[in-house]
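Each remark here refers to the structure printed beneath this line.
The values are calculated or read from the model by the stated rules, or taken from the named source; none is laboratory data. Keep in mind that what you see is a predicted model, and the values were worked out from it rather than measured. FYI the Cβ positions are ideal-geometry reconstructions off the backbone, even for glycines, and counts take in every protein chain you see. Side chains included, ligands, DNA and RNA excluded: accessible areas come from the protein's heavy atoms. Shrake-Rupley method; radii C 1.70, N 1.55, O 1.52, S 1.80 Å.
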Amino acid sequence: MPPLTPPKSGDALFASVDRVNAELFTLTYGAMVRQLLTDLEEVEEVNKQLDQMGYNIGTRLVDEFLAKSNVSRCVDFKETADVIAKLGFKMFLGVTANVTNWDAEGTSCSFVLEDNPLVDFVELPDTCQGLQYCNVLSGVIRGALEMVSMKTEVTWVRDMLRGDDAYEMRVKLIKQVPEEYPYKDDD
Amino acid sequence: MQFFSGSSLTSVAPEATPAPAAPPGTATGANAQVLYVFNRNGVCLLYREWHRPLRTLDATQDQKLMFGLLYSLRSFTAKIDPTTAEKGNLGVPLLPGQGCSFYSFKTNTYKLNFMESPSGIKLILITHPRTGDQRDSLKHIYNLYVEYVVKNPLYAPGAPIKCELFNKHLDQMLWNVCVDT
């Protein structure tokens, strides 16, 4: 039997989800980072906390993405990266990313974002030079991929807030973790 | 002591039903009998029954059995798939969503409908044997799960589901599952 409904395109997906005002989103995120800086004071701690928050968001976000977009299981990591860049980013942030810089084995690639709604109106002061402002995004990708059995590592390569020309994050697939039978055989 | 005649005074015994299920034999249009929702670690997130006359095992055993059955069935159906080129060994664990996904099996007394998302959420719906293809209903249940459970900030992922809204919408939706003759 053919699949019941085909996966939607990025634009159709974006149009079908509820949207929020972009400025509200940017300002809320900014206020949250500001508050984390005040509470934790150490820039490294804030980076870790943003990543953890992103991880928790990602583990829930993946179900919403799978339910709304109708994508079936991706065959390999290349397809996964394309799906994240074209459908995932579009659905949740309204922007598409480009996938570049594949390494020889096909386990590591870069997502390049020209436009990033999280960082509108933001400038990093001198006291926060080590801050990865968009670290929540790397946590989201890591959390979401872990729920589909891929252990990954995500790092930021380029950051416009530090003077680069675009946002680039490097995603490396560490391994695929297959499902194991969870119950012990003693019962 | 005065005894009233049977016609003027009748006593009504309260109905003892464990779940809001219609008694067997009545045509209510509700053909969904039992629903299980498991996550990728085998935790039963939800077990709902609307009509289950025979209970053979206690709840945890029953859930473990159901999960074990589906885990093995998935693995088995993927391994004997005649259309794929690679043949892994029978004991090798599969990634969630991999392999040809079976979606139902039917016996003479019930039909078991199954859906698994790539994130490992398994939905099992047991219905009357003559129900049609339930993949759309299962997709819809998955959407309800996302709306009312995943998006609920008070719900801890991996814990059993105790959301009233989810249960209510589920009941409403499954009341419309019809027999397909």
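Condition test on A:Val119, is it surrounded by fewer than 19 Cβ atoms within 10 Å (Cβ to Cβ) and not small (Gly, Ala, Ser)?
no
Looking at A:Ala85, A:Ala67 in this structure, which one is under 12 Å from the mean Cα position of the chain (by Cα) and either facing chain B (nearest Cβ under 10 Å) or in a helix (DSSP H, G or I) (or both)?
A:Ala85
List every residue pair whose Cβ atoms lie under 6 Å apart, where the two residues are 6 or more positions apart in sequence or sit on different chains, the first residue falls within the stretch B:150-174 and is within 17 Å of B:Leu125 (Cβ to Cβ), and the second residue, located anywhere, is open to solvent by 50 Å² or more (accessible area, probe 1.4 Å).
Taking only residues 6 or more apart or on different chains, the pairs are B:Phe166/B:Tyr148.
Within the stretch A:161-176, work out how many residues are crowded, with 19+ Cβ neighbours inside 10 Å and not β-branched (Val, Ile, Thr).
4
Among the residues in the stretch A:143-151, are any open to solvent by 20 Å² or more (accessible area, probe 1.4 Å), assigned to a strand (DSSP E or B), more than 10 Å from every other protein chain (Cβ to nearest Cβ) and free of Cβ contacts under 8 Å to residues at least 40 places away in the same chain?
yes
Any idea how many residues of the stretch A:92-109 are surrounded by 13 or more Cβ atoms within 10 Å (Cβ to Cβ) and closer than 16 Å to A:Asp76 by Cα?
Number satisfying all stated conditions: 5.
Being in a helix (DSSP H, G or I) and surrounded by 14 or more Cβ atoms within 10 Å (Cβ to Cβ) narrows it down to one of A:Leu24, A:Leu36, so name that one.
A:Leu36
If you check A:Ser110 against the conditions, is it of a type in the set (S, T, N, Q) and part of a strand (DSSP E or B)?
yes
Among the strands (runs of 3 or more DSSP E) contained in the stretch B:45-134, which hold 3 or more residues that are within 14 Å of another protein chain (Cβ to nearest Cβ), modelled with pLDDT of 90 or more and open to solvent by 40 Å² or more (accessible area, probe 1.4 Å)?
Correct list: empty, since no element meets the threshold.
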